[in-house]
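Notes to accompany the following structure.
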């Protein structure tokens, strides 16, 4: 069970709570800016504009930059800042790019089959085995996303390799997803 907003953000000001709530309504639930503005302006008697919300979301990105630039002593904070620094340009991509999800659930679901297979086979026995499995799973997923039957496509590629000693290129996508 998730804590109520006041408990989760106990030291937040109303502005920060509004920022989090509006970002959640927009990016997690898919509400349009006009819907959010209408709720805040009419029902809550808070005057908001779509430009104001976007400015608040961009101020959040600015605050992240300040946190990244801070010198931290604690090892967990240093590790987090190092990762944020490396991915800083992509953390808030979902704010600017329509269609980009704010979470990575699809990616997590995509790798679940490979993780289950590794678990059920008691893991990889060597680094080379782990590398081989990672490459094969990547090829398998790419072929499936491109609308091809992975086993048949790999079998055909191996047949071409046996005859020509050259692997053929990945086939072109056959679905709208590719």
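Quickly run through region 143-154 and pick out the residues that are surrounded by 15 or more Cβ atoms within 10 Å (Cβ to Cβ) and either assigned to a helix (DSSP H, G or I) or not assigned by TED's automatic domain parsing to the domain that holds residue 111 (or both). Matches in region 143-154: 143, 144, 150, 153, 154. In the set (1) under 25 Å from residue 106 (Cα atoms); (2) surrounded by 14 or more Cβ atoms within 10 Å (Cβ to Cβ), the condition left unmet by residue 157 is number (1). In summary, residue 143 fulfils each of the numbered conditions (1) modelled with pLDDT under 85; (2) in contact with a helix residue (DSSP H, G or I) (Cβ under 8 Å, 6 or more places away or on another chain); (3) within 15 Å of residue 110 (Cα to Cα) with the single exception of condition (1). Within region 117-126, being surrounded by 10 or more Cβ atoms within 10 Å (Cβ to Cβ) and either modelled with pLDDT of 75 or more or touching a helix residue (DSSP H, G or I) at 6+ places or on another chain (Cβ under 6 Å) (or both) holds for one residue alone: 124.
The values are calculated or read from the model by the stated rules, or taken from the named source; none is laboratory data. None of the values given here were measured: they were computed from a predicted structure. With ideal geometry, Cβ positions are generated from the backbone for all residues, glycine too; neighbour counts draw on all protein chains shown.
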